[in-house]
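Please read through the structure below; I'll follow up with questions.
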Amino acid sequence: MNTIFERDLEAKGFIDLPIDPSIDLVEEIKKLKKEKNAVILAHYYQEAEIQDLADYIGDSLGLSQQAAKTDADVIVFAGVHFMAETAKILSPTKKVLLPDLKAGCSLSDSCPAHLFAKFKAQYPDHLVITYVNCTAELKALSDIVCTSSNAVQIVESLPAEQKIIFGPDRNLGDYVKKKTGRDLVLWNGACMVHEIFSREKIDKLKADNPGAKFIAHPECEEHILVDADYIGSTSGMLKFTIEDSCETFIVATESGILHQMQKASPSKKFIPAPPNNSCACNDCPHMRLNTLEKLYNCLKYDLPEITLPEDVIARAQKPIERMLDISAKLGL
Ligand code: 13P
Ligand code: SF4
């Protein structure tokens, strides 16, 4: 590999070569995409410009389903590291690129595989369900993977007497426990973005916007979810705002999703739920590391590329495919 690239990737996580300021980045990205038979998969938490360029925008389940079935040669993942890893696991022969290798995830970081292996060893008769927001190594230690849009159904698909460990998100785990009545053993992890919302400020917003509906992602804490009118994954929340007749929604998840909500329902009002401080903490700092410039360089130089050891791919594939099979059977 070229040493300039090696230096950039190690120090910065992305290719930081100068881009001619006179080029139309959006048009150039579209050209490169065609030339290389590449597909851009973007999560709803990406900035609006990237969402608008993507071939597919979706939640974690939708993105996994797309990654499994695409016939493109290259998958450019506009999302975070664990998502690009999932795409690589599902399409190991394809080149999977991530514009910034440092686009990680606080929830994934809260569950290192070596510690989880010790935790799991304490419960030898338990089945392991892991939320997709975790590393490939963690998935390799799991029996079934799930996302926020199928976690409840996946737990419900198992016999009632089946003992289950659920990780790494304690909030999603608590939500699934409540919905299914199952007694799950939870790993104590969480997402920094979804734990930042302020109960007091949400209550004030509700009082200031009578009739507004409050919708939340299940990665939020129980005291936030308690009075939500709808709880679901990003695509579930988007669908709810399209189908519900209410005109104003207070939205407790990463603010990137508001772009699609506003596009789908231009006359409705969407208010991001406020954090418990004065910074823009409901923008995920990991997701937002991806930029149009990094996306352009990534497509141009075919870097940074996601690579994984073959044995990890082989072991992580089974639990993800099990999730996709159950979801397909349930029509999710
Ligand atoms: P979903 O889009 O699957 O709801 O996931 C939310 C999330 O936090 C992704 O990092
Ligand atoms: Fe991870 Fe939370 Fe960012 Fe999603 S929003 S990528 S769970 S840190």
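What is the residue count in region 91-106 for residues that are farther than 16 Å from residue 136 by Cα and away from ligand 2 (no atom under 13 Å from the Cβ)?
Adding up the residues that qualify gives 4.
Something else now. Would you say residue 120 is surrounded by fewer than 22 Cβ atoms within 10 Å (Cβ to Cβ), at pLDDT 95 or above and not acidic (Asp, Glu)?
yes
I've got another one for you. Output the number of residues of region 86-144 satisfying the condition of being more than 20 Å from residue 172 (Cα to Cα) and of a type in the set (Gly, Ala, Ser).
So the count comes out to 6.
Filter region 47-73 down to residues that are modelled with pLDDT of 95 or more and among the aliphatic types (A, V, I, L, M) and give me whichever is nearest to the chain's Cα centre (by Cα).
Looking at the filtered set, the residue picked out is 63.
Also, quick follow-up: When you check residue 197 against the structure, is it surrounded by 14 or more Cβ atoms within 10 Å (Cβ to Cβ), touching a residue at least 60 places away in the same chain (Cβ under 8 Å) and farther than 20 Å from residue 111 by Cα, yes or no?
The answer is yes for residue 197.
I'm checking my understanding of the structure. Among residues of region 30-47 that are hydrophobic (A, V, I, L, M, F, W, C) and touching a Lys or Arg at 6+ places or on another chain (Cβ under 9 Å), which one is nearest to ligand 1 (Cβ to nearest atom)?
Taking the candidates together, the pick is 40.
Of the residues that sit in region 220-230 and are part of a loop (DSSP other than H, G, I, E, B) and of a type outside the set (Asp, Glu), which one is farthest from the chain's Cα centre (by Cα)?
Here the answer is 226.
In addition: Look through 247, 243, 293 and report the one residue that is within 30 Å of residue 95 (Cα to Cα) and either more than 16 Å from ligand 1 (Cβ to nearest atom) or not hydroxyl-bearing (Ser, Thr, Tyr) (or both).
293
Give just the number: which of (1) open to solvent by 30 Å² or more (accessible area, probe 1.4 Å); (2) within 21 Å of residue 44 (Cβ to Cβ) does residue 92 not satisfy?
Residue 92 satisfies all of (1) open to solvent by 30 Å² or more (accessible area, probe 1.4 Å); (2) within 21 Å of residue 44 (Cβ to Cβ) except (2).
Let me ask you something else. Please go through region 2-27 and pick out each residue that is touching a residue at least 60 places away in the same chain (Cβ under 8 Å) and either more than 13 Å from residue 301 (Cβ to Cβ) or not in a helix (DSSP H, G or I) (or both).
Correct list: 12, 13, 14, 15, 16, 17, 19, 25, 26.
Residues of region 17-46 being surrounded by 14 or more Cβ atoms within 10 Å (Cβ to Cβ) and either among the hydroxyl-bearing types (Ser, Thr, Tyr) or modelled with pLDDT under 95 (or both), which ones?
Selection gives 44, 45.
Hey, another quick one. Give the residue that is farthest from ligand 2 (Cβ to nearest atom), with candidates limited to residues of region 170-186 that are buried (at least 23 other Cβ atoms within 10 Å of the Cβ) and among the hydrophobic types (A, V, I, L, M, F, W, C).
Top of the filtered list is 176.
Name the single residue, out of those in region 156-169 being buried (at least 23 other Cβ atoms within 10 Å of the Cβ) and not in a loop (DSSP other than H, G, I, E, B), that is nearest to ligand 2 (Cβ to nearest atom).
169
Restricting to region 231-284, name every residue that is open to solvent by less than 60 Å² (accessible area, probe 1.4 Å) and assigned to a strand (DSSP E or B).
Matches in region 231-284: 231, 248, 249, 250, 251, 252, 270, 271, 272, 275.
Between a first residue in region 280-295 that is of a type in the set (D, E, K, R) and a second residue that is assigned to a helix (DSSP H, G or I), which pairs have beta carbons less than 9 Å apart while being 6 or more apart in sequence or on different chains?
If the second residue must be assigned to a helix (DSSP H, G or I), the pairs left are 293/25.
Can I ask one more? Does region 128-151 contain at least one residue that is among the hydrophobic types (A, V, I, L, M, F, W, C), surrounded by fewer than 20 Cβ atoms within 10 Å (Cβ to Cβ) and over 19 Å from residue 219 (Cβ atoms)?
For region 128-151, residues among the hydrophobic types (A, V, I, L, M, F, W, C), surrounded by fewer than 20 Cβ atoms within 10 Å (Cβ to Cβ) and over 19 Å from residue 219 (Cβ atoms): absent.
Next question. Which is open to solvent by less than 40 Å² (accessible area, probe 1.4 Å) and out of contact with any strand residue (DSSP E or B) (no Cβ under 7 Å at 6 or more places or on another chain), of 5, 77?
The unique qualifying residue is 5.
The values are calculated or read from the model by the stated rules, or taken from the named source; none is laboratory data. Computed from a predicted structure; not experimentally measured. Cβ: placed from backbone, ideal geometry, glycine included. Neighbour counts: every protein chain shown. To get the accessible areas, we keep the full protein, side chains included, count just its heavy atoms, and leave off ligands, DNA and RNA. Shrake-Rupley method; radii C 1.70, N 1.55, O 1.52, S 1.80 Å.
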